[in-house]
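The values are calculated or read from the model by the stated rules, or taken from the named source; none is laboratory data. Quick caveat, the model's predicted, so the values are computed rather than measured. Here Cβ is always computed from backbone atoms with ideal geometry, including for glycine, and neighbour counts include all displayed protein chains. With ligands, DNA and RNA removed, areas are computed over all heavy atoms of the protein, side chains included. Shrake-Rupley method; radii C 1.70, N 1.55, O 1.52, S 1.80 Å.
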Amino acid sequence: MKEPGMLAVLGAGHVGPVIARLALKAGYRVDIATSGDPEDIALITELVIPGAQPRWAADAVADADIVVLAIPLHRFLELDPMLLNGKLVVDAMNYWPASDGELKAFDDGGSSEVVARRLPGSTLVKALNHIGYQVLEDRARPAGAPDRSAAGVAGDDPAAVAATAGLVDRIGYDPVRLESLRAGRVLQPGGPVFGVVLTQPEFEQAVRHDDRSLT
């Protein structure tokens, strides 16, 4: 497996710091950024994500091998797509009308498919969105552990899916590769594996006959 590289996490709310800590533990170099000045998150980064570097988003993305989007989905609509051109982007976001409000752009179909259309210069993979941030860190296990859980990885580009599966594996989960970005609808709210933590056989059984997993 390729050695860990540089990860840029966009978002310093609930999900981003958890993914950043897991990635640091797995050997990645991690930058974290928000839409504002990195000085604004310097203290919280030092306290909550020791080892990560707060940076301007453009600088973090420019140096990254993988960019993780961990921002509220309504904030994504304000993001300049050019920022992520040429990058492998992991969509760890979810559409939550209760908190995001009704976003008409995301009313029909899979949210990651909409994200991909808005990022035509990027390669998008859906992952790390369906396990709650409250348990994502606690349930991580080394490879081969009998109680290791699974995490879904969905995308249309095989190389990008493989790279993201490598990230998922390194941070402590058995990656389950789905056939397409559309198949990743099983990972979003309302899907059969959303909000639950399952072993790989349980995960595969849960998605096998779900219509949303069909291409």
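General observations
- Phi-based couplings in Hz for the range 175-180 (Karplus 6.51, -1.76, 1.60; Gly and Pro marked x): x, 10, 7, 8, 6, 6
- For LEU178, distant residues with modelled amide H under 5 Å away: VAL153, ALA154, GLY155
- Taking label positions 7 Å along the Cα-Cβ direction at both MET82 and ALA58, the computed distance is 0.9 nm, reported to one decimal.
- Highest-first arrangement of 97-104, 82-89, where packing means the average Cβ count within 10 Å: 82-89, 97-104
- Over the range 1-85, accessible surface divided per residue gives 50 Å², non-protein components excluded, 1.4 Å probe.
- Accessible-area ranking of HIS74, HIS209, largest first, probe 1.4 Å: HIS209, HIS74
- For the set LEU47, LEU119, solvent exposure ranked by accessible area (probe 1.4 Å, protein chains only) runs largest to smallest as LEU47, LEU119.
- Between amide H atoms placed 1.01 Å from N, distances below 5 Å from VAL9 occur with ASP31, ILE32, ALA33, VAL68, all of them 5 or more places distant or on a separate chain.
- 3J(HN,Hα) couplings calculated from phi for the range 47-53 with the Karplus curve 6.51 cos²θ - 1.76 cosθ + 1.60 (θ = phi - 60°) are, in sequence order, 7, 9, 10, x, x, 7, 10 Hz; Gly and Pro show x.
- Using a Gaussian network model of the chain in which every pair of alpha carbons under 10 angstrom is joined by a spring, one finds that among PRO201, PRO192, PRO158 the greatest mean-square fluctuation is at PRO201.
- Loop-located trypsin sites (Lys or Arg not before Pro) in the range 1-74 whose Cβ has at most 11 other Cβ within 10 Å (DSSP): LYS2
- Near SER149, the amide H atoms lying under 5 Å from its own belong to ARG141, ASP174; only residues 5 or more places off or on other chains count, and H is placed 1.01 Å from N.
- Across the chain, the mean sequence separation of Cα contacts (distance under 8 Å, 6 or more residues apart), normalised by length, yields a relative contact order of 17 percent.
- Charge dipole (Cα centre; +1 on Lys/Arg Cβ, -1 on Asp/Glu Cβ; no other charges) of the chain amounts to roughly 400 debye.
- Chymotrypsin sites (Phe, Trp or Tyr not before Pro) within the range 1-92, DSSP loop, no more than 16 other Cβ atoms inside 10 Å: TRP56
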